[in-house]
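Peer 1: Let me give you the structure first, and then I'll get to my questions.
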Amino acid sequence: MSALAGKALTVLGAIDAETMGVTLPHEHLLIDFAVMFREPAAASDKALAHEPVSLANLGWVRQNFNANLDNLRLLDEQTALDEIMLFRRAGGQTVVDPTNVSLARDPLALTRLSRMTGLHIVMGAGYYVAAAHPADMDRRSEESIVAEIVREVTLGVGDTGVRAGLIGEIGNSWPWTDNEKKVVRAAVEAQRQTGAPLMMHPGRDERAPMQIAELIDKHGGDLRRTVMCHIDRTIADERHLDDLAATGMWLEYDLFGLENSYYPYNPDFDMPNDGGRMAQILRLIARGRQGQILMSHDIAYKSSLTKYGGYGYHHLLVNVVPRLRRKGVDDAGLRQLLVDNPRRAFTFV
């Protein structure tokens, strides 16, 4: 695998990491996220749960984004093309799509989108949370999962020939399940064998990211080449954040554009808005952690797309970056956040 050292691996093949440019490190272009669907209990809400997303129900859908089945499915290739082109036209060059086999990953569609847009697209491998695992996951050996991930990185997914350039996003719940731990261990070994970057989706508890970091470290994984997703919906306490930063992991603030504080997956956690995300990022920068920060939107819902009233994949570039600049982040700092950090995070070693 030494041939990939210093390169990023896209759905169209390896590229020199220096050509990645402005990069979104965590977006879903096509995804079936129905595993997260939770039908409401009340009869009148059940009707809303099964309606298509529209202007008439958008307010309810934004507040209850996992309670509307249509909202959880990004299945239309033309819509994906139209929406991601907004990022391209705003100056974007690379998209990391960590949709894995659990979430209806579509390697051939990603290659078509890459060719049509001119964007570099990096695809994920591995398994999402236990609720999305295959029925036989209890019987699957750690070694078989390692072999599957390694094959997807080295040869391609199934018979498509399209290779994964990322191990992730590897899903973890809270409480943490044995099968999820098994998948993490397999992902770590696959990273050791391939030199690929690794991405973790933590359970929704402030202790979860550090527990995952400790397991990765115990099994010889490279924490400095591991992305911890969803910091903004997981950690509010500064002490927990500082402890995690001290491991050297990438700290990914990837829910930009999700502006409502109610978080249905964990109603006791108040979700920060973009202002809150920027405040946390500026604090990390002040503490010397600018070289560990990644920013994205994690778009996986129709309500996040401009076609359905959302901010779109270009939101960071057209709305957030000007605000960061006003808050004192200079051109060099913005380049580090948008170009240099993702390049280092997604380059093979």
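Peer 1: Exactly one of (1) buried (at least 23 other Cβ atoms within 10 Å of the Cβ); (2) at positive phi is unmet by GLY124. Its number?
Peer 2: The single condition GLY124 does not satisfy is (2).
Peer 1: Right, here's the next one. Regarding the stretch 135-146, can at least one residue be identified that is touching a strand residue (DSSP E or B) at 6+ places or on another chain (Cβ under 7 Å) and either of a type in the set (A, V, I, L, M) or surrounded by 23 or more Cβ atoms within 10 Å (Cβ to Cβ) (or both)?
Peer 2: Among the residues of the stretch 135-146, not one is touching a strand residue (DSSP E or B) at 6+ places or on another chain (Cβ under 7 Å) and either of a type in the set (A, V, I, L, M) or surrounded by 23 or more Cβ atoms within 10 Å (Cβ to Cβ) (or both), which makes the answer no.
Peer 1: What are the residue pairs meeting all of these: first residue in the stretch 70-82, first residue in contact (Cβ under 8 Å) with a residue 40 or more places away in the chain and crowded, with 16+ Cβ neighbours inside 10 Å, second residue among the polar types (S, T, N, Q) and in a helix (DSSP H, G or I), Cβ atoms under 6 Å, and 6 or more apart or on different chains?
Peer 2: ASN71/SER303
Peer 1: Another question about this same structure. Filter the stretch 157-166 down to residues that are more than 19 Å from VAL188 (Cβ to Cβ) and buried (at least 16 other Cβ atoms within 10 Å of the Cβ), then give me how many there are.
Peer 2: So the count comes out to 3.
Peer 1: Among residues belonging to the stretch 134-169 that are in contact (Cβ under 8 Å) with a residue 60 or more places away in the chain and in a strand (DSSP E or B), point out the one that is nearest to the chain's Cα centre (by Cα).
Peer 2: The residue in question is GLU169.
Peer 1: When the residues of the stretch 114-133 are narrowed to those that are among the small types (Gly, Ala, Ser) and not in a strand (DSSP E or B), which ends up farthest from GLU18 (Cα to Cα)?
Peer 2: Ranking the candidates gives ALA131 first.
Peer 1: Scan the stretch 272-283 and report the pairs whose first residue is surrounded by fewer than 19 Cβ atoms within 10 Å (Cβ to Cβ) and among the aliphatic types (A, V, I, L, M) and whose second residue is at pLDDT 95 or above and not in a loop (DSSP other than H, G, I, E, B), with Cβ atoms within less than 9 Å and a gap of 6+ or a chain change.
Peer 2: Note: pairs meeting the criteria are LEU282/LEU324.
Peer 1: Specify which of the listed residues (THR234, THR247) is hydroxyl-bearing (Ser, Thr, Tyr) and under 18 Å from the mean Cα position of the chain (by Cα).
Peer 2: THR234
Peer 1: Still on this structure: Of all residues in the stretch 6-26, which are of a type outside the set (A, V, I, L, M) and touching a helix residue (DSSP H, G or I) at 6+ places or on another chain (Cβ under 8 Å)?
Peer 2: GLY6, LYS7, THR10, GLU18, GLY21, THR23, PRO25
Peer 1: Related question: The conditions are (1) of a type in the set (Val, Ile, Thr); (2) surrounded by 16 or more Cβ atoms within 10 Å (Cβ to Cβ); (3) within 23 Å of LEU166 (Cβ to Cβ), and THR19 fails exactly one of them. Which is it?
Peer 2: In the conditions (1) of a type in the set (Val, Ile, Thr); (2) surrounded by 16 or more Cβ atoms within 10 Å (Cβ to Cβ); (3) within 23 Å of LEU166 (Cβ to Cβ), THR19 misses (2) alone.
Peer 1: I've got another one for you. Tell me, which helices (runs of 4 or more DSSP H) lie completely within the stretch 242-340 with 3 or more residues that are on the phi > 0 side of the Ramachandran plot?
Peer 2: none
Peer 1: ALA109: small (Gly, Ala, Ser), in contact with an Asp or Glu (Cβ under 9 Å, 6 or more places away or on another chain) and in a helix (DSSP H, G or I), yes or no?
Peer 2: In short, yes.
Peer 1: Let me ask another. Which of the residues that make up the stretch 182-235 are outside any loop (DSSP other than H, G, I, E, B), in contact (Cβ under 8 Å) with a residue 40 or more places away in the chain and under 15 Å from ILE149 (Cα atoms)?
Peer 2: The answer is LYS182, VAL183, ARG185, ALA186, ALA187, GLU189, ALA190, GLN193, THR194, MET199.
Peer 1: Looking at the structure I just gave you, is ASN64 buried (at least 18 other Cβ atoms within 10 Å of the Cβ), more than 20 Å from the chain's Cα centre (by Cα) and free of Cβ contacts under 8 Å to residues at least 40 places away in the same chain?
Peer 2: No, not satisfied.
The values are calculated or read from the model by the stated rules, or taken from the named source; none is laboratory data. Nothing here was measured: the structure is a model prediction, and the numbers come from that model. A quick note on method: Cβ atoms are made from the backbone with ideal geometry, for glycine too, and the neighbour counts reach across all protein chains shown.
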